[in-house]
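To keep things clear, I will list the structure first and then write my remarks on it.
The values are calculated or read from the model by the stated rules, or taken from the named source; none is laboratory data. Everything quoted here is computed from the prediction, not taken from an experiment. Cβ placement follows ideal geometry from the backbone for every residue including glycine, while neighbour counts extend to all protein chains displayed. Please note that ligands, DNA and RNA were not included when accessible areas were found on the heavy atoms of the full protein model with its side chains. Shrake-Rupley method; radii C 1.70, N 1.55, O 1.52, S 1.80 Å.
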Amino acid sequence: MPSSVMPTPRSSDGRPSPAAVSAAGLRKSYGDKTVLDGIDLHIPAGSVFALLGPNGAGKTTAVKILSTLVSADGGQAQVAGHDIATSPHGVRAAIGVTGQFSAVDGLITGEENMLLMADLHHLSRAEGRRVTAELLERFDLTDAAKKPASTYSGGMKRRLDIAMTLVGDPRIIFLDEPTTGLDPRSRHNMWGIIRELVTGGVTVFLTTQYLEEADELADRIAVLHDGRIAAEGSAEELKRIVPGGHVRLRFSDPAAYRSAATALREAAGDDEALTLQIPSGGSQRELRTVLDRLDSAGIEADELTVHTPDLDDVFFALTGGTDQPKETVR
Ligand SMILES: Nc1ncnc2c1ncn2[C@@H]1O[C@H](COP(=O)(O)OP(=O)(O)OP(=O)(O)O)[C@@H](O)[C@H]1O
Ligand SMILES: [Mg+2]
């Protein structure tokens with residue numbers, strides 16, 4: 001289990017922390033298209049929540065509603081204790097939002113972008129300069145501070161985006177696909193930044209297309225599908241939703257396929273594809289049993305793949321895709 005997965009945060013008296021974000025029955029349509037069809041959320045303060053969903057599922061819409069950028073058609077939500085409908089200013093004062101698309105102005109320098117944010121937050125000049133210098137340092141942008149942001153790499157722009165979000169010292173931040181388009185190293189760096197924020201007590205609401213990212217970072221994950229939350233839980237809980245692992249054998253010779261199907265009675269067969277699927281946890285001992293039984297029947301499969309359930313399976317099972325083997329052993 002990733003080290004970032006923590007139990008529900010509790011206050012000093014041992015009671016569960018209050019919710020940073022809670023929502024009941026949130027609905028939103030554009031024209032006759034229902035985007036959100038009744039969303040319930042409960043995100044404890046100090047935790048990381050990941051909203052997963054394919055393109056167009058409504059992730060950005062959910063972020064926009066909770067950050068009061070667009071209004072919901074129905075339902076209600078509290079963010080940092082403020083109602084999004086009746087106290088949008090209270091919500092906005094408590095949150096930071098890093099949108100899916102960069103808010104960085106490329107024509108001015110990174111430092112100027114930061115100072116502009118400080119102005120928007122009504123910080124004094126001195127305070128604005130202090131916060132800007134501190135955040136640029138923290139996000140490893142000090143050397144690039146005086147260069148136009150248009151010259152920054154994608155990863156640098158994304159870091160600047162998040163640094164800008166942190167100027168007002170928000171306790172809850174919304175990160176809409178914080179690592180889309182980043183290379184693996186930049187993605188890992190971004191994960192480190194997000195973990196640091198959480199260590200500092202910030203609540204993070206992130207959206208992502210990357211199951212691995214949700215697995216790495218989130219205490220709780222919700223999968224958005226057809227306007228509803230199709231499943232919610234920790235990564236481990238979600239993985240338990242899908243059927244267990246299996247070994248898949250593929251044959252090119254129909255006779256070998258039939259013999260194997262006879263030798264391995266518990267296997268589910270696909271007569272067209274000439275593949276057999278045997279339920280298996282993927283351990284060495286279980287694999288050896290399968291191989292021994294094939295050997296003693298004198299059968300050789302063309303390909304053997306071991307499949308252990310992961311978040312991809314959950315995602316595809318819930319959003320209607322196909323499952324693909326992850327590892328191949330020959
Ligand atoms: N302002 C708008 N007017 C009309 N339709 C919209 C508007 N904003 C979003 N939609 C539609 O709502 C649906 C959900 O969009 P949204 O941007 O929330 O999805 P998403 O999950 O963030 O997708 P992606 O992974 O591509 O960012 C889409 O079908 C989109 O076309
Ligand atoms: Mg989006």
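Summary table below
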item	result
Percent carbon-and-sulfur accessible area, segment 198-270, ignoring ligands, DNA and RNA, probe 1.4 Å	46 percent
Projected-area average for segment 87-242 over all orientations - Cα convex hull basis, square nanometres	10.4 nm²
Cβ-based net charge around K147, under 11 Å, with every Lys or Arg adding one and every Asp or Glu removing one	-2
Given charges at beta-carbon only (K, R positive; D, E negative), |dipole| of segment 38-169 in Debye	200 debye
Anchor K157: lysines whose Cα lies under 23 Å away (excluding residues fewer than 8 positions away in-chain)	K59, K64, K146, K147
Heavy-atom accessible area per residue - the chain, 1.4 Å, Å²	50 Å²
Derived scalar couplings ³J(HN,Hα) [segment 30-46; Karplus, 6.51 cos²θ - 1.76 cosθ + 1.60; whole Hz; x for Gly, Pro]	10, x, 9, 9, 7, 8, 10, 10, x, 10, 10, 9, 8, 10, x, 4, x
The chain: C-alpha pair distances exceeding 35 Å, %	35 percent
Amide proton proximity set for E303, modelled H, under 5 Å, gap of 5+	R250
For S71, solvent-accessible area (1.4 Å; no DNA, RNA or ligand), Å²	80 Å²
Check: the chain dipole with +1 on Lys, Arg Cβ and -1 on Asp, Glu Cβ, in debye	800 debye
Per-residue SASA entry for M117, accessible area with 1.4 Å probe, Å² rounded to 10	40 Å²
DSSP H segments from the chain that extend 15 Å or more along their own axis, Cα-based, with Kyte-Doolittle mean of -0.5 or above	110-120, 154-165
Magnitude of the charge dipole, segment 115-212, Cβ model with Lys/Arg +1 and Asp/Glu -1, debye to 20	220 debye
